[in-house]
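Accompanying notes for the structure given below.
The values are calculated or read from the model by the stated rules, or taken from the named source; none is laboratory data. Being a predicted model, the structure only gives us computed values, none of them experimental. Neighbour counts are summed over all protein chains in view; Cβ atoms, including those assigned to glycine, are modelled from backbone coordinates with ideal geometry. Heavy atoms of the whole protein, side chains included, go into the accessibility calculation; ligands, DNA and RNA do not. Shrake-Rupley method; radii C 1.70, N 1.55, O 1.52, S 1.80 Å.
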Amino acid sequence: MSDHAPVLPHIIAGQKHLGSKAARRLNINPGTGERISSVPLDDVEAAEKAVQAASAAFPAWARTPVGDRIQPLFRYKAILEHHIDELAEIIVEEHGKTTAEAIGSVRRGIDCIEHACGAPILMMGRTLPQIAVSSSFCRTQDEGGVGIDSSVDRLPIGVCVGITPFNFPMMVPLWMWPMAVACGNTFVLKPSERDPMSTIRAIELAHEAGFPEGVLNLVHGGPDVVNHLVKHDDVRAVSFVGSTGAGKYIYETGCAHDKRVQCMCGAKNFSIIMPDANREAAIDGVFGSAFGNTGQRCLAGSVVVAVGDAADWLIPGLVERTKGMIVGRGCDKNTQMGPLQDDAAKDRVLNYIDAGVKAGADILVDGREFSMPSAGCFVGPTIFDNCTSDMSIVSEEIFGPVLSIMRASTLDAAVAEVNKSDYGNMSVIFTDSGNAAHRFETTVQAGMLGINVGVPAPMAAFPFAGWKKSFYGDLHTNGEDGVRFFTKSRVTVRRWI
Ligand code: NAD
């Protein structure tokens, strides 16, 4: 196998740059093991150029009327619709998702562009006329005084930075930059160093849609580059999506350098299955959310708490469905689950499976022995039963296709298990009882909830983020929170004498 793979370019002020520094990460196609790209890791000079380009572009872009700023986004949506298969193919090659998952992820990204096209309404301010009367300046007795009005406007904040994870290389950047630029900011994106080819293509296509030079820039790198961006005097806001360790560090560092920061972080999502749940919907929901995207989702439903005798029908149904799964390369038509994204991810998941066995959980489906291709980063779907909250397969984020099942005698006992988790991204209940659903909603600790749906992703018009160690910051991504994150408010009090 050759050591050579194409070096991926930064995109700064609308131009591709190969950069200067030597340290690079070699990436493979996780379905085959072939080397496909080489990504610059420590090109701080390029990061500096990207911030300078974004700073230079900011004043004119912020002055551009919002109705004009969204025109490239309308064109971009149409361009992405046209290139959806091409983008999906790149995602499958570098990430390993199935083609259907890759297409779905591009579609969810397009949702965010559509939402950002609403910026003229979304960033509109509010006015309250006649909040007071100043009688000392009245011209005649009849006028009764001069009215005072007050309003609040939402304004762009400046250069914004996005730091994104490997698991949705095309979609997650679209949570950030379309809304940021629609609101009048300029942007520097630092995609994951593990699979940035679809991100590069997406930013190239954005330039075809007509964004002016410097409004949108992309720079590759690891911690050195991230540190440069997060500490930079010209950067006003940092939006991060990734693991809890990196997110906590970026939150603390960004805040210490006077930035506005939001960090959407790691997760361990629990699904509570009540005995009265619709069986088919519950099995389907748990199966899809545990193994979709090979478990590499912040919304992976990786723990199930079966209440009462729900386990009697849930477990056989899940095991049968899981054993019949087709694991293979994402580009093969029949594949239901693709590989993990790289060798390190594969090793990490295998270590967790070993830890689960050692801790005494019962392994019902063993992903180490699944029928799957020998080359590439494959681990089959795995199900453990009789798990407890002290086991690492329950308490830690595995980020792979491993489902841990716990048992509880009542709903309250199940919610108590969920609330022991350090994470609080999303939690789900399957039940036919409105009373049980209401008790769940009012007692469970998570930033997003699902009722009779398998760990669903909220659409772009709603805020997206968790609680506890799944999130650091105040304003979530997407929805109304996204608009507020990428704008600052200004209040004016007016009197015309
Ligand atoms: P990661 O934390 O390893 O990397 C994310 C980004 O942070 C990358 O761009 C990376 O270069 C950078 N980074 C990593 N370590 C850093 C450090 N020490 N200093 C500075 N920068 C650093 O995450 P990942 O493995 O790419 O993605 C998987 C994680 O992302 C999972 O924990 C998953 O739950 C989380 N995630 C969360 C959400 C959410 O909305 N909460 C969505 C998607 C993924």
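For the listed peptides 250-261, 464-475, 297-308, a ranking on the average number of other beta carbons within 10 Å per residue, highest first, reads 297-308, 464-475, 250-261. Cα gyration tensor of region 359-416, axes a ≥ b ≥ c as square roots of the eigenvalues: rounded (a/c below 1.5), prolate (a/b > b/c) or oblate? It comes out prolate by the Cα gyration axes. Packing, as the average of other Cβ atoms within 10 Å across residues, places the peptides 53-59, 126-132, 409-415, 238-244 in the order 238-244, 53-59, 409-415, 126-132, highest first.
Extending 7 Å from Cα along the Cβ direction at E208 and again at S374 yields two label points whose distance is 4.1 nm. Computed from the alpha carbon positions, the gyration tensor of region 351-468 leads to an equivalent ellipsoid with semi-axes of 28, 18, 13 Å, biggest first.
Spin-label model, K420/E252: points 7 Å from Cα along the beta carbon direction are separated by 2.7 nm. Each of I203, T253, G214 was placed along the dipole of region 163-281 (beta-carbon charges, centred on the mean Cα), and the one lying farthest toward the positive end is T253. Helix 434-443 and the longest principal axis of the Cα set of the chain meet at an angle near 70°. Roughly speaking, what is the centre-to-centre gap between region 157-219 and region 287-337 when only Cα atoms are used, to the nearest Å? Centre-to-centre (Cα) distance: 32 Å. In the context of the full set of protein chains, residues of the chain present 40 Å² of accessible surface per residue (probe radius 1.4 Å, heavy atoms only). With a Förster radius of 60 Å applied to the beta-carbon distance between A56 and S389, the computed FRET efficiency rounds to 0.70. Scanning residues 5 or more positions from S470 or on other chains, those with amide H under 5 Å from its amide H are G424, with H placed 1.01 Å from N in the peptide plane.
Please label the shape of region 263-346 as rounded, prolate or oblate, based on the square roots a ≥ b ≥ c of the eigenvalues of the alpha-carbon gyration tensor (a/c under 1.5 means rounded; beyond that, a/b larger than b/c means prolate, else oblate). Oblate, since a/c reaches 1.5 and b/c is not below a/b.
Using a cutoff of 8 angstrom between alpha carbon atoms and counting only pairs six or more residues apart, the relative contact order for the chain works out to 19 percent. Using the Cβ-Cβ distance between D233 and D312 with R0 set to 51 Å, the FRET efficiency works out to roughly 0.25. Rounded to the nearest 0.05, what FRET efficiency do A22 and D153 give with R0 = 35 Å and r taken as the Cβ-Cβ distance? Could you check? Approximately 0.15, to the nearest 0.05.
Placing unit charges on the Cβ atoms of the charged side chains and taking the dipole of region 1-109 about its Cα centre, the candidate lying farthest along the positive direction among T99, I12, L26 is I12. Relative to the longest principal axis of the Cα atoms of the chain, the long axis of helix 310-323 makes an angle of roughly 90 degrees. With contacts taken as Cα pairs under 8 Å at a separation of at least 6 residues, region 270-451 carries a relative contact order of 27 percent. Put simply, the convex hull of the Cα atoms in region 270-451 casts, on average, a shadow of 9.6 nm².
Pairs from the list K97/K190; K49/K259; K259/K468; K77/K488 with a Cα-Cα gap above 24 Å: K77/K488.
For region 270-451, what proportion of DSSP beta bridges, expressed in % and rounded to the nearest 5, is antiparallel?
Antiparallel bridges: around 10 percent, rounded to the nearest 5.
Counting protein heavy atoms only, region 27-114 has 56 percent of its accessible area on carbon and sulfur, 1.4 angstrom probe. Based on the alpha-carbon gyration tensor of the chain and its eigenvalue square roots a ≥ b ≥ c, which shape applies: rounded if a/c is under 1.5, prolate if not and a/b is larger than b/c, or oblate? The shape class here is oblate.
For the chain, the longest principal axis of the C-alpha atoms and the axis of helix 279-291 are separated by about 80°. Across the accessible surface of region 301-452, with the other protein chains kept in place and a 1.4 Å probe, carbon and sulfur atoms take up 45 percent. Looking at the chain alone, DSSP beta bridges between its own residues are antiparallel in about 45 percent of cases.
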